Structure formats: C-alpha cells, structure tokens
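Chemist: What follows is a structure written as structure tokens; I'll ask about it next.
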Amino acid sequence: MPSTPPTAPETVPRTVGGRITILLVEDHDMVAEALRIALDRTDDLEVVGRSPSVRDALADTARLRPDVVVLDRRLPDGDGIAAIAALRTVAPGTRVLVLTGEGNPSVAARVAEAGGSGLILKVGNLRELQDAVRLVATGEVAFSSGLLSGALDRLAGRADGLGGTLTPREREALGLLGEGLGTAEIGQRLGVALNTARNHVQRVLEKLGARSQLEAVAVARREGLLP
C-alpha cells in the first residue's frame, strides 16, 4: 500500500463492457471503500469484488477472474506477497498489483520474484493507483517512484543463469525491454503485430527463467546481455 505450483494454460480474464475488472483485497473497510470509489468513478475501471483475507482472495479470484487484483501487502491471515503465486495459479490471466503502506527496493524485488506486476505505496495519490491498474492490465509493470531501479539491482544479484539461447529477434525485444518500452511500443519499434511482440517477450522471459519483464531485464544485466 516462493516454490510456485504448476499453472494452468493462461485464460482470458473477465472484462465487463470493455472496462478493466478489479478485485480489491483489503481488510480495512474504510480503506477498501475509499479505493472502490476512486477506481469506480473512472470510465474504464470497475471493482467487481472485495476480499478481506488471503483465503477469500483465492476463492474470489478463481470465481471472478478479474483483470487485476489490487492486493494489500498485510492481511489478517498472511502476507499478500506470499499469496501472489497462488493467485496467479487459480487465475493465470490475472495480474497482481500490490499496495503497501511502506515499501523499499527489497519489497519491490519480492513482488517481482513472486510474479507480481507492481508495487504502489498507499501514500501516493489515487491517480497513481488508477494509472498503475491500467498499466498492469496490459501486461506491463508499475512501481512507485524510487522502487524500480533498486528492485532491478537486487534481482540481478540473485538471478540464475540463462535458460536458453535467444534468437536475434528476441535479443532485439530484450534490448527494448531494457530501454523501458512496453509490449505495444516494442511491437511498433520492431514493426510487428502486438500479439507477435507479446510472443517475443514471453519467449525472452521463458529463456531467461524470469517471471516478469522486470526480472528479465535484471537477469540480462547480470549476464551481460544488457549494459
């Protein structure tokens, strides 16, 4: 504000009328209501449920299959970050954005390692949260200011070796990831369709043994594939 179990083939999350669907996981009623109001008042975001615990979040995520789970880090029955892998298992197409009252690069690195798509501080403004939800819903990452570079440094220090050989096209995609480009921008720069760009990025992640674009860049830097 982990050992990962096998995942099922990725499915398409439930989208309502073209809006990005959101499950809020927050145990404090007043905070949850304030977040719901802030997200629902936009034209493209819709809160479809609220869970007060990890246990409820797993059940609700499997049932609702939202585009994004906005997950409080500290919950009555456990650590939200530790639940990311399980959430992505019950709904593989869902992205997880963590909210925390206090964050640092080490926490951000834990989120990325677990397969989360971002970490936003609760002290930030509501517009930051809205923009972060939109960003992660497209498959990108979103971290509050000052957390991203430190997370990359920590991930690079812990990363394993490469999981395969990258093709020239995949190296191009990796280089563009290193420049901070998103999938749509990579597609434009490479002159390929969005789905083709997504496939290139996904193969880069698989070959580098990374769970996110952020971790892929960190691995590549450690291995000398990126400056």
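Chemist: Quick one: would you say Leu147 is modelled with pLDDT under 90 and in contact with a helix residue (DSSP H, G or I) (Cβ under 8 Å, 6 or more places away or on another chain)?
Modeler: yes
Chemist: Search the range 132-149 for residues being hydroxyl-bearing (Ser, Thr, Tyr) and part of a loop (DSSP other than H, G, I, E, B), and hand back the single one that is surrounded by the fewest Cβ atoms within 10 Å (Cβ to Cβ).
Modeler: It comes out as Ser145.
Chemist: Here is a follow-up. If I ask for residues that are among the polar types (S, T, N, Q) and either modelled with pLDDT of 90 or more or under 19 Å from the mean Cα position of the chain (by Cα) (or both), which ones from the range 164-195 would you list?
Modeler: Scanning the range 164-195 gives Thr183, Gln188, Asn195.
Chemist: Please work out which residue is nearest to Ser145 (Cα to Cα), limiting yourself to the range 79-108 and to residues that are crowded, with 23+ Cβ neighbours inside 10 Å and of a type in the set (D, E, K, R).
Modeler: Per the criteria, the residue is Arg95.
Chemist: Which of the residues spanning the range 79-131 are assigned to a strand (DSSP E or B) and not small (Gly, Ala, Ser)?
Modeler: Residues satisfying the conditions are Asp79, Arg95, Val96, Leu97, Val98, Leu99, Thr100, Leu119, Ile120, Leu121.
Chemist: Can you name every residue in the range 79-114 that is among the small types (Gly, Ala, Ser), at pLDDT 90 or above and in contact with a Lys or Arg (Cβ under 6 Å, 6 or more places away or on another chain)?
Modeler: Scanning the range 79-114 gives Gly80, Ala91.
Chemist: Find all pairs meeting these conditions: Cβ atoms under 7 angstrom apart; at least six residues apart or on different chains; first residue within the range 201-218 and among the acidic types (Asp, Glu); second residue buried (at least 22 other Cβ atoms within 10 Å of the Cβ).
Modeler: Going by the 7 Å Cβ cut-off, the qualifying pairs are Glu215/Ala112; Glu215/Glu113; Glu215/Leu155.
Chemist: Applying the selection to the range 200-227, what residues are buried (at least 16 other Cβ atoms within 10 Å of the Cβ), more than 15 Å from the chain's Cα centre (by Cα) and part of a helix (DSSP H, G or I)?
Modeler: His200, Arg203, Val204, Lys207, Leu208, Ala218, Val219, Ala220, Arg221, Arg222
Chemist: Counting only residues that are among the aliphatic types (A, V, I, L, M) and part of a loop (DSSP other than H, G, I, E, B), which one in the range 185-199 is surrounded by the fewest Cβ atoms within 10 Å (Cβ to Cβ)?
Modeler: Checking each candidate, the answer is Ala193.
The values are calculated or read from the model by the stated rules, or taken from the named source; none is laboratory data. These numbers were taken from a predicted model, which means no experiment stands behind them. Virtual Cβ from ideal backbone geometry, glycine too; neighbours counted across all protein chains shown.
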